[in-house]
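Down below is the structure, laid out as structure tokens.
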Amino acid sequence: MATKWSTTLIPTARQAPADAVVPSHQLMLRAGLIHKLGSGVYTYLPLGLRALQKAMQIVREEMDNAGGVEILMPTLQPIELWEQTGRREAYGDNLFVVKDRHGRIQALGPTHEEIITELCGAYIESYRDLPKTLYQIQTKFRDEFRPRFGVLRSREFQMKDAYSFHLNLDGPGGLSEAYDTIYAAYCRIFERCGVPYEIVEAEAGPIGGNASHEFMVPSPTGEDFILKSDKGNYAANVEKCEIGPRPQNLEADPTGDLEAVNTPDCPGIEDVCTFFKKQLKTKLKTQNMLKTLVCKAGDTWVIGVVRGDHDLNEAKLRQAAGLGSLEMADEKEARDAGFAIGFVGPHVAVGRDDVQLFVDPDAAQGGFWVTGANQVDHHVKHFNWTREVIAAGAKVTVADIRNALDGDPSPKEDGGILQMTKGIEVGHVFKLGDKYTKALKIEVADESNERVNPIMGCYGIGVNRILASAIEREGGSDDNGIIWPTSLAPYQVVITPIKYEGQAAQVADQLAAELEAKGVDVLIDDRDERPGVKFKDADLIGIPYRITLGDKALAEQSVELKARDGSNGPKGELVKIDAVVAQLVDALK
RNA sequence: CGGGGCGUAGCUCAGCUUGGUAGAGCGCCGCGUUUGGGACGCGGAGGCCGCAGGUUCAAAUCCUGUCGCCCCGACCA
């Protein structure tokens with residue numbers, strides 16, 4: 001049955017609440033798709049739910065096509081599982097934790113690797129049971145430090161998460177095969193949803209190599225930074241993006257004698273520059289400073305040096321050091337170990353055999369450098385690599401350890417230049433390896449009856465982000481409101497009688513029934529409102545086609561058909577009543 | 001968690017500096033006139049001025065605390 005506007009709940013608004021700052025958020029509120037209950041928590045109203053369900057159904061169909069089987073796992077998860085995999089710690093405050101009446105602690109699932117792995121352990125015993133791909137579409141909870149942009153970063157959201165289990169990485173039934181299959185399914189999903197997307201390489205994790213890709217919808221409101229080569233053959237998240245070869249020169253001559261400068265209370269790069277300008281009346285640019293970051297891996301200190309205006313990429317540093325894990329050092333611990341945090345310079349490595357020193361090519365240069373003096377409240381100027389570090393007996397390794405920037409050379413070494421854009425992450429595929437099966441001690445018997453940990457892949461899609469990005473996309477909205485892709489639109493057609501009575505009401509009901517019989521979702525605006533209000537609302541909620549029933553057209557046995565995207569002209573076209581259903585069904589294919 | 005800002009009608013906001021009967025526009029209800037792109041007139045409803053203390057004869061307004069929300073930043077499978 002077609003829905004009558006008067007019976008459903010579509011609270012449209014002329015103005016968006018002041019809270020909303022990005023287009024999709026404002027329009028989802030104004031069009032009555034969602035209602036905010038608290039920070040990062042939203043009710044899906046009828047229109048929003050219908051659009052969400054359309055997206056879910058597309059995801060479901062394509063996951064099924066890709067060989068996935070649907071299950072539904074609990075939101076409430078025993079904290080012990082999270083402790084066993086070390087992720088209670090790793091997830092930290094982002095994990096919602098609740099205590100039940102018996103004092104047992106549970107996590108509200110932000111993702112389900114632990115749970116699916118436990119499930120695998122319960123029922124999958126032999127290589128004969130593999131491979132297996134299971135998925136669910138479910139509400140996830142993350143205690144985001146900063147929810148924002150409406151449903152783009154909320155604390156409670158809909159996610160499709162899939163997990164596959166395998167004995168091997170390669171070959172038939174291997175992880176890579178499932179990965180490629182789901183990768184292809186994702187392409188179909190986003191195509192069907194009508195959202196433009198780009199696939200970028202993402203941080204690979206334990207397996208390394210090409211083990212992770214993100215599906216991004218290009219948008220200025222995206223929170224992820226993507227770099228693309230202008231040659232079109234490379235795209236990566238900034239977390240992962242490699243930079244092509246850059247010249248280095250550690251042997252350059254000093255610019256002067258090393259000189260200490262008293263820089264009280266200036267631990268940061270900006271602080272020092274400001275201090276130089278205000279107190280010393282000397283101009284100092286951030287790119288003339290060396291940023292020296294202290295990281296720790298086990299008993300070894302790993303020090304990364306990048307130019308003051310660059311950002312250290314911890315994953316790159318970890319790889320350069322050949323380590324499995326690495327983190328920024330605890331400040332107190334580092335101080336106790338003799339690092340003047342905030343005032344560290346590369347020459348701190350001199351005479352210490354518990355320190356590995358790495359420098360980014362852009363920082364491995366001659367010229368005028370200011371850096372920490374390895375003494376609180378002091379910096380040095382005229383720092384020189386050869387004199388201060390190499391001749392002093394410390395070893396330094398030059399490596400790509402900083403985040404890529406707009407204009408950097410492409411790692412493909414083909415003269416390509418990296419360009420930075422922003423994107424909304426709507427999907428992520430990831431080869432996990434045996435991280436979880438190992439941590440939870442899940443084993444299956446292989447062909448020779450050896451007990452082995454299966455390897456896993458995980459594959460996520462942010463379903464409500466699909467909706468937001470459909471609105472954020474180029475052409476997803478105009479001054480009048482949303483313009484839905486037909487596949488996601490809550491209704492494909494809205495029938496707008498100028499007055500819902502007499503012949504107009506009859507024709508409206510009849511057309512609605514015929515369209516519904518053909519599988520088209522129809523909304524009838526039966527409200528007693530002025531035509532202008534109905535038109536504005538129809539535009540705002542973004543239904544792809546509007547059939548307008550007015551006296552003049554009806555007198556000619558016709559209706560007006562107007563496409564929301566303007567594709568059949570600003571005024572639409574006149575279509576005979578007995579032809580409009582066929583024409584619409586055709587257009588909606 | 002650090003910095004900044006905001007909580008007054010369903011929404012957008014004024015009023016606060018200089019304490020003295022709580023306001024506008026939109027929305028809502030009633031009546032009438034209207035009826036092809038967010039109509040008009042008249043009449044109305046609706047607020048513990050986020051909450052709790054304090055100062056004062058008197059607090060939306062000043063002070064303290066607290067909660068909520070937003071923005072920027074650090075952080076982030």
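Laid out as a table, the results:
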read-out	value
Check on A:Ala468, within 16 Å of RNA strand B (Cβ to nearest atom), without any contact (Cβ under 8 Å) to a residue 24 or more places away in the chain and either open to solvent by less than 30 Å² (accessible area, probe 1.4 Å) or closer than 30 Å to A:Ala66 by Cα (or both)	no
Subset of region A:530-563 that is among the acidic types (Asp, Glu) and surrounded by 18 or more Cβ atoms within 10 Å (Cβ to Cβ) - its residue that is farthest from A:Val580 (Cα to Cα)	A:Asp537
Residue count, region A:213-258 (criterion: of a type in the set (A, V, I, L, M) and either more than 26 Å from A:Val389 (Cα to Cα) or part of a strand (DSSP E or B) (or both))	7
A:Met56 vs. criteria buried (at least 20 other Cβ atoms within 10 Å of the Cβ) and not in a loop (DSSP other than H, G, I, E, B)	no
Members of region A:72-124 that are within 14 Å of RNA strand B (Cβ to nearest atom) and of a type in the set (Lys, Arg)	A:Arg87, A:Arg88
Total residues in region A:439-463, condition within 16 Å of RNA strand B (Cβ to nearest atom), in a strand (DSSP E or B) and not hydroxyl-bearing (Ser, Thr, Tyr)	7
Within region A:188-203, considering residues that are open to solvent by less than 10 Å² (accessible area, probe 1.4 Å) and in contact with a Lys or Arg (Cβ under 7 Å, 6 or more places away or on another chain), the one modelled with the highest pLDDT	A:Val195
Residues of region A:319-340 classified as within 14 Å of RNA strand B (Cβ to nearest atom) and open to solvent by less than 40 Å² (accessible area, probe 1.4 Å), total	2
Residue ID - modelled with the lowest pLDDT, chosen from residues in region A:141-160 that are near RNA strand B (Cβ under 10 Å from one of its atoms) and more than 20 Å from A:Gly423 (Cβ to Cβ)	A:Phe145
Unique match (being touching an Asp or Glu at 6+ places or on another chain (Cβ under 8 Å) and surrounded by fewer than 18 Cβ atoms within 10 Å (Cβ to Cβ)) among A:Pro254, A:Pro220, A:Pro264	A:Pro264
Scope region A:131-176; condition open to solvent by 40 Å² or more (accessible area, probe 1.4 Å), on the phi > 0 side of the Ramachandran plot and over 17 Å from the mean Cα position of the chain (by Cα); matching residues	A:Gly171
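Residue by residue, here is whether (1) in the same structural domain as A:Asn288 (by TED's automatic domain parsing); (2) farther than 30 Å from A:Leu169 by Cα; (3) touching a helix residue (DSSP H, G or I) at 6+ places or on another chain (Cβ under 9 Å) holds:
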| position | (1), (2), (3) |
| --- | --- |
| A:Ser219 | no, yes, yes |
| A:Tyr234 | no, no, no |
| A:Glu239 | no, no, yes |
| A:Thr263 | yes, yes, yes |
| A:Pro267 | yes, yes, no |
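The values are calculated or read from the model by the stated rules, or taken from the named source; none is laboratory data. All figures in this text were calculated on a predicted structure; none of them were measured in a lab. Counting neighbours? That spans all protein chains shown, and the Cβs are built from the backbone with ideal geometry, glycine included. Just so you know, the surface numbers come from the protein's heavy atoms only, side chains and all, with ligands and any DNA or RNA stripped out. Shrake-Rupley method; radii C 1.70, N 1.55, O 1.52, S 1.80 Å.
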